[in-house]
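Before we start, here is the structure in question, set down as structure tokens.
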Amino acid sequence: MVSCPECESKLDFDEDEIDEGEVVSCVECGTDFEVVKASPLELKAVGEGYEDDVDDDEKDEEDEDGDY
């Protein structure tokens with residue numbers, strides 16, 4: 001089990017089932033972390049400007065429609 005780099009609480013996920021680039025969240029403090037390296041596990045806090053791919057796709061669709 002891994003500790004949250006922000007609040008030190010235990011992150012409850014299976015390290016063997018996590019892939020690089022995946023985003024995980026701490027249930028205690030709510031911080032999102034990107035998996036930089038799977039083995040050994042290395043996490044990087046995701047900045048406030050982070051948006052996942054789904055949000056980017058939705059924005060592209062809005063731009064095409066002319067709605068913002």
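Coordinate-derived values only; no laboratory data. Only a predicted model underlies this, so the values are computations on that prediction, with no experimental measurement involved. Quick reminder, even Gly has a Cβ in these numbers, built from the backbone with ideal geometry, and neighbours come from all protein chains shown.
Calculate one ³J(HN,Hα) per residue across the range 5-12 by plugging θ = phi - 60° into the Karplus curve 6.51 cos²θ - 1.76 cosθ + 1.60, and present them in order as whole Hz with x for glycine and proline.
Rounded to whole hertz, the list is x, 8, 10, 6, 6, 6, 8, 9.
Follow-up. In nm, to one decimal, how far is the modelled label at residue 27 from the one at residue 15, with both set 7 Å along Cα→Cβ?
In this crude label model, residue 27 to residue 15 measures out at 2.0 nm.
Taking the Cβ-Cβ separation of residue 45 and residue 2 as r and a Förster radius of 22 Å, what is the calculated FRET efficiency to the nearest 0.05? Let's see the in-between values first.
Details: r = 14 Å, r/R0 = 0.62.
Plugging the Cβ-Cβ distance into 1/(1 + (r/R0)^6) gives 0.95.
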